[in-house]
2 protein chains.
Amino acid sequence: MAEVETLDMDTKNQQFERDLGKIIAFLETSAYFKARDLLLEYNAVDIADMLEDILEDIGIEKVVIIFRMLPKDVSVDVFSYLPGDDQVNIVQAITDREISYIMKELDFDDKIDVLEELPANIVDKILEKTPREERKLINEFLNYPEDSAGSLMTPEYISLQDTMTVAEAMAYIKKEGMDSETVYTCYVKHGGRKLEGVVSLRALVIADDNTKISELMETDYVYLNVMDDQEEVAEVFKKYGFLAIPVVDNEHRLVGIITFDDIMEVIEEEITEDIERMGGVMGDDEHKEYLDMSVFRHAKNRLPWLLFMTVTLMITGTLINQFEAVLSQVIVLVGYLPLLMGTGGNTGTQAATLIIRGLSVDEVDLKDVLKVLWKELRVSILIGIVLSIFNFLKIVLVDQQSAAIGLTVAIAMIIVVMFAKLLGGMLPMAAKKIGVDPALMATPMISSITDMVSSVIFLFTASLVLGIAL
Amino acid sequence: MAEVETLDMDTKNQQFERDLGKIIAFLETSAYFKARDLLLEYNAVDIADMLEDILEDIGIEKVVIIFRMLPKDVSVDVFSYLPGDDQVNIVQAITDREISYIMKELDFDDKIDVLEELPANIVDKILEKTPREERKLINEFLNYPEDSAGSLMTPEYISLQDTMTVAEAMAYIKKEGMDSETVYTCYVKHGGRKLEGVVSLRALVIADDNTKISELMETDYVYLNVMDDQEEVAEVFKKYGFLAIPVVDNEHRLVGIITFDDIMEVIEEEITEDIERMGGVMGDDEHKEYLDMSVFRHAKNRLPWLLFMTVTLMITGTLINQFEAVLSQVIVLVGYLPLLMGTGGNTGTQAATLIIRGLSVDEVDLKDVLKVLWKELRVSILIGIVLSIFNFLKIVLVDQQSAAIGLTVAIAMIIVVMFAKLLGGMLPMAAKKIGVDPALMATPMISSITDMVSSVIFLFTASLVLGIAL
C-alpha cells in the first residue's frame with residue numbers, strides 16, 4: 001500500500017478502485033509487468049478481490065496470465081482467498097507443476113475445500129502426486145459429512161506433551177510452527193492421542209522456562225465433536241469468542257482444530273439463509289452468489305412461497321366473496337379492505353421479525369413465551385388505538401364517510417393489530433419448539449394468515465356495525 | 001466441566017440447564033457454598049450466562065451474594081461478560097473496595113464500556129481512586145465519539161522498537177504480556193510514536209533470536225483511523241479476518257488497537273438493525289434486548305412504518321374506488337384483488353431481500369445494476385408465466401368463472417410480477433446510491449408501492465378485457 005499518512009476508509013476505497021482501473025487498462029494493453037507491480041502493492045486479500053473483478057470485466061485468460069506472474073508465495077495466499085469457482089477456473093488453466101506447487105503450499109483445510117470443488121478427474125491427478133501419508137489424511141477428511149465439524153477442521157495444529165517444560169515446548173513450536181494453522185493455542189496430550197488440555201502461546205511466553213506444561217494447561221477447555229453440525233460449531237464460536245476450538249472423536253481423541261476464520265463464512269451464510277427465508281426465498285443447499293445463480297434456480301427458490309401464497313390468497317378471496325351481501329350494499333368498504341389486510345400483515349411481520357432475531361441471538365428463549373405474549377398484547381393495544389383514531393378521523397373528516405363506516409374500520413383495526421401481533425410473537429416460538437426454522441415464520445407465512453383473518457374480521461365487523469344480514 | 005467423554009452439543013446444553021436448576025435450588029435454600037462450587041465447574045462465559053438467568057429468576061440479591069463468593073480473578077472475568085444493565089446493578093450493590101478491585105483488573109476497553117454505562121456519580125467515585133495517568137487516559141477515551149473506532153479501541157498493546165532483536169522483543173513481551181489485550185500481534189515503532197509496522201508473535205517465535213524486528217515486521221499492514229465509524233471498522237474486520245487492527249490518529253501515531261472480540265458485538269448489532277429494518281421496525285440508537293425494552297419504545301419503533309403504510313394503503317383504497325364501475329358490475333373481481341396485491345408485495349420483497357443482502361456482503365455492487373435488472377426481468381417472466389397458468393386454470397376449472405376473468409387475472413399477474421421484481425431489484429440499489437440504508441427498501445416500502453400499482457394494473461386490465469368503460 002502506498003505510504004499515505006491520513007487515509008480514511010473512503011479514500012482507501014477510492015484508491016483501490018482507481019488502481020483496479022489502472023490494472024485493467026494495463027492488462028488490456030498487455031502491459032503485464034506494470035499490472036503486476038501495481039497489484040503487488042496490495043495484500044493477498046485485496047489482490048484476490050481485484051482478480052475477481054478483473055475476471056468479471058475482461059475474462060479468465062488475462063487473470064491466469066497475471067496470476068502466474070505473481071511471486072509463488074503470494075500466489076498461494078491469493079489463491080486461498082479466491083471464491084471456489086475462480087479457483088477451479090485457474091486450476092484448469094495452469095500447468096500440473098503449478099498446481100502441485102499450490103497444493104503443496106496451501107493450508108490443509110483450504111486444500112480440502114479446493115478438492116471438494118474440483119472435478120473428480122483433476123482431484124485424482126492431484127492425489128496421485130501427493131505423498132501417501134497425506135493422501136490417506138485427505139481421503140479421511142473428504143469423507144466427513146458436509147457441514148460437519150469434521151469437514152471444517154484442519155489437522156495442522158501444535159500438539160504438546162504435558163511432561164514438556166516451557167523451554168522444550170517453545171523449541172518445538174519454533175520447529176513446527178511454520179506448518180501449523182495457528183500457534184496461539186497448543187493442544188496437550190499425555191502419551192496417547194487423547195486431548196488432556198489446552199495452553200495458549202501467551203501463557204507459554206509469559207511463564208518461566210522450567211515450568212511444566214501440565215501446570216500451565218487448562219483442563220476446562222471447550223471442544224467439539226467431529227459430527228457436530230456447522231450451525232452448532234458457529235454457535236459455540238459466537239458464544240465463547242475463541243480463536244480456535246479442538247475437535248475430538250467419540251473416544252475423545254484429538255483429530256483436528258477449527259479456527260475462527262474458517263467459521264466466519266459459515267456464520268455469514270447462516271445469516272444470509274435466515275434473511276432470505278424471512279424474505280420468502282428458499283435457499284439452496286449450497287450458497288451461490290446472486291449474480292452467479294441461474295434464472296431457473298432463482299425461480300425455483302422463489303416459487304414455493306409464491307405458490308403457497310397464491311393458494312392462501314385465493315382462499316382469502318373466497319372468504320371475501322362470502323360477504324358479497326355486505327360489499328355490494330356498501331361498495332366503499334372494498335377501498336378499506338387493503339388497509340386492514342396490509343396493516344395486519346405488516347404489524348404481524350414486525351413482531352415476528354423481532355422474535356426470530358431475538359431467538360437467533362439468544363435474547364429470547366422458548367421459556368419466555370408468556371412474557372413475549374404479554375409484551376405484544378400491550379404493544380398491540382397501544383398501536384391499535386393510535387391507528388384506529390388516525391383512521392377514524394381520516395375516514396370521517398377527509399373521506400366524508402359516515403361515522404358508522406369510520407367506527408367499523410376503527411374497531412376492526414384494533415382487533416386485527418392485536419391478533420397479528422400475538423400471532424407474530426407466537427409462531428416463530430412454536431416453530432422453534434417443534435424443530436422448524438423460526439425464520440420460515442416471517443412475512444409470507446404471517447401475512448398469509450393475517451390476510452385471511454383480517455378480511456373476515458373487517459367484513460364481519462361491518463355487518464354487525466352497519467346492521468347488514470350476512 | 002465434568003469429564004464426560006462423548007458429549008454432543010445437546011447433551012452439553014441439557015447438562016448446563018440441569019446444573020443451572022440445581023444452582024438456583026441451592027441459592028433458594030441459601031446453600032451458597034454448594035451453589036458456588038457447582039458454578040465454578042463452568043468457565044467465565046457460562047458463569048456469566050448462569051448469573052443472568054439466576055438474576056431473571058430470583059433477583060439481584062442472591063446474584064450479588066454468589067458473585068462476591070467467586071474467586072477474585074474469576075469474578076473479574078465473569079463481570080466483563082455480563083450485560084451492561086447487570087454490571088450496573090452489581091456495581092451499585094457491592095462495596096467500594098470490590099469495585100476498585102474489579103476496575104483495576106478489567107481490560108482497559110471493558111473498563112471504558114462499564115464507565116459509559118454507569119451513572120455519573122459512580123463514575124466520579126471510581127475515577128477518584130484511579131491513578132492520575134490512567135484517569136487522564138480514561139477521560140481521553142471517554143471523549144471519542146460513540147460508534148467511532150476510538151471508542152472501541154484499547155491502549156493495552158505490545159509496542160516494540162524496530163531496532164530490537166527477537167530475543168529482546170520476547171523478553172519484553174514476557175514482562176509486559178500480562179497487561180496487554182493481545183500479544184499475538186505486536187506493533188513496531190522507530191523512536192517516535194508513529195506506527196512503522198506490525199509483527200506477529202508467530203513470526204517472532206519461529207525466527208532466530210538475533211534477527212532484528214525491522215527485518216521481520218510487515219509494513220503493508222491494514223490500519224484504521226480513530227474517527228472511522230464502527231460500521232467501517234466492522235467491514236475491515238470482516239474483509240481481512242485479522243485478530244487485531246491498529247488505530248492511528250491523523251498524524252499516523254498509534255493510539256490503540258481494536259481486537260476481534262470487541263467488534264463481534266458491533267457486527268451482530270448491525271445485522272440485527274438490518275433485519276429489523278427489513279421487517280419494518282425502526283431501531284433505536286442504542287440496542288436494547290426485546291424483553292428489556294418498554295412497551296412505549298416498542299410502539300414508537302413500530303409506528304413510523306405502520307403510519308406510512310396506513311397512508312399509502314388509503315391511497316390504494318382511493319385508487320380502487322375509482323374503478324367502482326368495474327367492481328360493482330363484476331363484484332367477483334373483489335375476491336381476486338388480494339391475490340394480485342399479495343403476489344406483487346411478496347415477489348417484490350423476494351427480489352429486494354436478495355439485493356439488500358447481496359449489497360451488504362459485497363456480492364452485488366452498484367455497478368451491477370443492469371445485470372440485476374436483466375436477471376430479475378428473466379426470473380419475473382418465468383415466475384409470471386407459471387403463476388398465470390396456475391391461476392387461470394384454478395379460476396376457470398375450480399371457481400367456474402368465465403375465461404375472460406381468468407384471462408384478466410393471468411395478464412395482470414405477469415405484469416404485476418415483472419413490475420414488482422424490477423422494483424425490488426432496483427430500489428435498494430437506488431437507496432444505496434443516494435446514501436440511504438438499502439435495508440429500508442424491503443417489505444414496507446416495496447409492498448406500499450406494489451399494492452397501489454398492482455390494484456391499478458388489475459382493475460385497468462379488467463376494464464380492457466371485460467370491455468367495461470371506466
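Computed quantities for the displayed model
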quantity	calculated
Label geometry 7 Å along the beta-carbon vector: residue B:73 inter-copy distances in nm	3.8
Inter-copy separations for residue B:393, label at 7 Å along Cα-Cβ, nm, ascending	5.2
Debye equation applied to the C-alpha atoms of the range B:290-465, log10 I(q)/I(0) at 0.19 Å⁻¹	-1.17
Distribution of pairwise C-alpha distances over the range A:339-412, 10 Å bins, in %	17, 39, 24, 14, 6
Copies compared at residue A:220 - label distances in nm, ascending, label defined 7 Å from Cα in the Cβ direction	4.5
For the protein assembly as shown, accessible area per residue (1.4 Å probe, heavy atoms of protein chains only), Å²	42 Å²
For residue B:373, solvent-accessible area (1.4 Å; no DNA, RNA or ligand), Å²	40 Å²
Over 21 Å (Cα to Cα) - which of B:104/B:129; B:34/B:72; B:189/B:239; A:239/B:125; A:288/B:238; B:239/B:375 fall in this group	B:189/B:239; A:239/B:125; B:239/B:375
Solvent accessible area, Å² - residue B:374, 1.4 Å probe, full protein context	140 Å²
Cα pair distances exceeding 21 angstrom across the range B:159-262, given as percent	33 percent
Global geometry of the range B:31-104, whether rounded, prolate or oblate, following the gyration tensor of its Cα atoms and the 1.5 cut on a/c	rounded
Mean residue ellipticity (222 nm) of chain A, computed from DSSP H runs ≥ 4 via -39,500 (n - 2.57), nearest 500	-21000 deg cm²/dmol
Overall Cα dimensions of the protein assembly as shown - principal axes, largest extent first, Å	95, 76, 56
Simple spin-label estimate for residue A:366 and residue B:315 in nanometres, 7 Å along Cα-Cβ	4.5 nm
Qualifying trypsin sites (Lys or Arg not before Pro) in the range A:66-131, DSSP loop, other Cβ atoms within 10 Å at most 13	A:129
Residue B:331 - accessible surface, heavy atoms, 1.4 Å probe, Å² rounded to 10	30 Å²
Percent antiparallel among DSSP beta bridges (both partners in chain B, rounded to 5)	75 percent
Under-5 Å amide H pairs with residue A:182, H placed in peptide plane, nonlocal only	A:158
For chain A: relative contact order, % (alpha-carbon pairs under 8 angstrom, 6 or more apart)	11 percent
In the range B:324-431, the GluC sites (Glu not before Pro) that fall in loop regions by DSSP, at most 14 other Cβ within 10 Å	none
For the range A:329-344, Karplus couplings with θ = phi - 60° (6.51, -1.76, 1.60), whole Hz, Gly/Pro x	6, 10, 4, 4, 4, 3, x, 8, 4, x, 4, 5, 5, x, 4, x
Along each principal axis, Cα extent of the range B:1-160, largest first, Å	48, 35, 26
Computed label-point distance, nm, for sites residue A:286 and residue B:434 using a 7 Å Cα→Cβ extension	4.1 nm
Angle between chain B longest axis and helix B:230-240 axis [Cα atoms, degrees, rounded to 10]	80 degrees
Derived scalar couplings ³J(HN,Hα) [the range A:270-281; Karplus, 6.51 cos²θ - 1.76 cosθ + 1.60; whole Hz; x for Gly, Pro]	4, 5, 4, 4, 4, 5, 5, 4, 5, x, x, 10
Hz values of 3J(HN,Hα) by residue in the range A:346-362 - Karplus curve (6.51, -1.76, 1.60), Gly and Pro given as x	5, 5, x, 4, 4, 4, 4, 4, 4, 6, 4, 5, x, 5, 6, 9, 6
Buried accessible area, chains A and B (both chains, 1.4 Å probe, Å² to nearest 100)	11500 Å²
Loop trypsin sites (Lys or Arg not before Pro), the range B:317-392, which have at most 10 other Cβ atoms in a 10 Å radius of their Cβ (DSSP)	none
Residue-averaged beta-carbon neighbours from other chains (10 angstrom radius) around A:221-232	3
Largest-first principal axis extents, alpha carbons of chain B, Å	90, 63, 50
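The values are calculated or read from the model by the stated rules, or taken from the named source; none is laboratory data. Note that the structure is a prediction, hence the values are computed from the model and not measured. In this analysis, Cβ positions are derived from the backbone assuming ideal geometry, glycine residues included, and neighbour counts consider all displayed protein chains. With ligands, DNA and RNA removed, areas are computed over all heavy atoms of the protein, side chains included. Shrake-Rupley method; radii C 1.70, N 1.55, O 1.52, S 1.80 Å.
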